[in-house]
Structures are given as structure tokens and as C-alpha cells.
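Participant: Below you'll find the structure I mean.
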Amino acid sequence: MTQPTSGDREKVVSKLPTELQRNLKVRSAQHGIDIQHAVEAGITAWRGLGSNLPTIDTSGAKSFSTFLPEGQWDEFRVDCSARGVSIVQGLSQSVALWLEKNPAPAVVRPRFPRRIITCNQKGGVGKTAVAAGLGQAMAEDSDRLHLVRISKHLVALLIQGVSEPGEELNPLDYEEVLGLG
């Protein structure tokens with residue numbers, strides 16, 4: 001995250017439960033927006049509510065910081081005080097409200113999952129590093145279709161279940177399929 005120019009936003013530090021932090025990070029990435037904009041929208045929505053939301057368990061909350069428009073944090077703190085909730089509780093409710101209003105986008109999963117195996121009997125040759133790098137590279141564009149090769153034996157079994165009597169299906173047509181990254 002790049003630091004905004006002074007005057008645009010101010011850095012705020014509070015606490016937020018670990019699970020809410022993780023869900024916020026993942027969901028904002030799924031929607032392609034910065035965490036700071038998600039928190040800003042959540043606080044705005046929370047402040048617009050007529051009543052308090054159910055209490056969220058904030059025990060074990062960890063330090064959390066973000067950048068908000070100038071003045072929003074001060075107004076939020078005043079609203080928390082007026083509603084009789086702690087700042088951590090108000091922030092947690094704001095993030096939970098944003099998560100509820102912005103559900104995870106639906107991803108259509110491929111019929112045949114893609115598996116890539118990295119193996120070597122010797123230790124310290126980079127198996128984990130290769131697997132992690134490969135997973136990260138594939139996750140960069142999850143909507144891009146990649147060619148997936150599946151086993152001839154699995155193809156033969158799958159074809160048996162979908163072919164009509166007397167119909168000849170070519171296993172090579174099914175051996176390479178397109179799947180999401």
C-alpha cells in the first residue's frame with residue numbers, strides 16, 4: 001500500500017479481530033479495491049445506521065492501521081461515544097457491515113481441478129519455493145484460462161460415463177481442457 005500525500009488522508013491506528021482483518025484483506029482484494037477504501041465505506045455505512053449492530057467479540061484484537069479521509073476518524077470516534085460503543089467495537093461492526101454488503105464474487109470452478117506436483121526425494125532442492133511461486137503466479141489472474149492436461153485413464157473413465165451407446169468419443173479431445181488458474 002502506498003502512503004497517500006499529506007492532506008488527502010490521515011493514518012489511524014486501532015485494533016481489529018484477526019479474523020476480520022483477514023476477511024477484509026481477502027474480500028477487498030477480490031473486489032480489486034484498497035483496504036483503506038473498504039474501511040472508509042464501512043465506517044460511512046455504519047455511521048448512517050439508525051441503531052447499533054449486534055456486539056462482535058473483539059477479545060484478542062490485534063493492532064490495525066489504515067488511512068482515512070481527514071476528519072472521518074474524529075467524527076467516527078464521536079459517533080462511537082454517542083452510541084456507547086468502544087472504538088474497537090465500532091470499527092469491528094463497520095468492517096463486518098462492509099463484508100456483509102460486499103459478498104465474495106462467485107467463481108465458477110472448472111469441472112476438472114488442476115494439479116501440479118513438484119517432487120524430488122532429496123531435501124533442500126526448492127520444492128516448496130517452486131510450488132509457492134507457481135501458486136502465486138497462477139493466482140495473479142484467476143479469471144485467465146490455462147490449458148490443463150489430465151490423465152488418459154481418467155479421461156477414459158469420464159468418457160464412459162457421458163457417451164451415448166454407439167457414440168465414439170476421442171479421448172484426446174478431453175485430455176487437454178481449459179481451467180481457471
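Participant: Of 15/127; 25/127; 11/127; 101/127, which ones are farther than 32 Å apart at the Cα?
Facilitator: Cα-Cα > 32 Å for 15/127; 11/127; 101/127; rest within.
Participant: Heavy atoms of the protein only, probe of 1.4 Å, neighbouring chains included. What is the accessible area of residue 79 in Å², nearest 10?
Facilitator: Its accessible surface works out to 40 Å², give or take rounding.
Participant: In the stretch 1-120, if the dipole is taken from +1 on Lys/Arg beta carbons and -1 on Asp/Glu beta carbons about the Cα centre, which of 39, 94, 20 is farthest to the positive end?
Facilitator: Of the listed residues, the answer is 20.
Participant: Over 5 Å intervals from 0, what percent of Cα-Cα pairs in the stretch 65-124 sits in each interval?
Facilitator: Percent of pairs per bin, in order: 4, 12, 13, 14, 10, 6, 6, 7, 8, 9, 6, 3, 1.
Participant: Here's another thing I want to ask about it. So, R0 is 45 Å and r is the distance between the beta-carbons of residue 52 and residue 130; what FRET efficiency does that work out to, to 0.05?
Facilitator: The value I calculate is 0.35.
Participant: Would you mind counting up the charge near residue 80? Only other residues with Cβ under 15 Å from its Cβ, with Lys and Arg at +1 and Asp and Glu at -1.
Facilitator: Around residue 80, the surrounding residues sum to +1.
Participant: With a 10 Å radius around each residue's Cβ, average the other Cβ atoms per peptide and rank 41-49, 21-29, 86-94, 120-128, highest first.
Facilitator: 86-94, 41-49, 21-29, 120-128
The values are calculated or read from the model by the stated rules, or taken from the named source; none is laboratory data. Note that the structure is predicted; figures quoted are calculated from it, not measured. In this analysis, Cβ positions are derived from the backbone assuming ideal geometry, glycine residues included, and neighbour counts consider all displayed protein chains. Surface accessibility is based on the protein's heavy atoms, side chains included, excluding ligands, DNA and RNA. Shrake-Rupley method; radii C 1.70, N 1.55, O 1.52, S 1.80 Å.
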